Amino acid sequence: MLDEIRDRIEEEIAKLTHELNVELPERINKAVELGDLRENAEYKSALERQSFVQARIGHLQTRVSELSKIDVNAMPADRCGFGSKVRLMDYGMDEEVVFTIVAGDFMDLDSGQISMASPIGRGLMGAREGEELTITLPVGDRKFKVLELTTLPMQLGMSEEG
């Protein structure tokens, strides 16, 4: 999972770097050729995009640095955390749901990925298999039971459990 996230971040960095170094200078040069820069919407738009891309690259580089600091060996093998796959009974909806806990940048609800920073993600942190939880959501409290937990260490074969 860490390699997948790192690959996605590095792919986005590569695309943004290309945009920053190739596409945006071309847009800025074309806008400059149009003349008066004070009232040139294309020029202003390109500069705003350039600023955004620079900030996004900086953010993503920080994320890569943070990922390199994650020590899977130090993660508890029996409690929910980053990378855990969790099968829950959602008593409020009277159905089973499966989530994978991911970093906020790579959340994809359609594929069952939820952010560690989301209300459900925060509520699941540290939960153990068999535990019942009440999680406060913006729409009110919901009760869940952890039916099955596969932590990142388990997924990587670093634990006898699972």
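Brief remarks follow.
- Annotation: of all residues in the range 131-159 being over 17 Å from ARG87 (Cβ atoms), assigned to a loop (DSSP other than H, G, I, E, B) and touching a residue at least 24 places away in the same chain (Cβ under 8 Å), the one that is nearest to the chain's Cα centre (by Cα) is LEU156.
- The range 27-86, residues that are under 30 Å from THR150 (Cβ atoms) and of a type in the set (Lys, Arg): ARG63, LYS69, ARG79, LYS85
- Residues located in the range 29-44, provided they are among the small types (Gly, Ala, Ser) and more than 21 Å from GLU19 (Cβ to Cβ): GLY35
- Check on PHE99, in the same structural domain as LEU149 (by TED's automatic domain parsing), out of contact with any Pro (no Cβ under 6 Å at 6 or more places or on another chain) and among the aromatic types (Phe, Trp, Tyr): yes
- Matching entry among ARG79, ARG27, ARG56, ARG63 (being closer than 17 Å to MET116 by Cα, at pLDDT 90 or above and surrounded by 12 or more Cβ atoms within 10 Å (Cβ to Cβ)): ARG79
The values are calculated or read from the model by the stated rules, or taken from the named source; none is laboratory data. Quick caveat: nothing in here was measured; it's all calculated off a predicted structure. All Cβ positions, glycine included, derive from the backbone under ideal geometry; neighbour counts span all protein chains shown.
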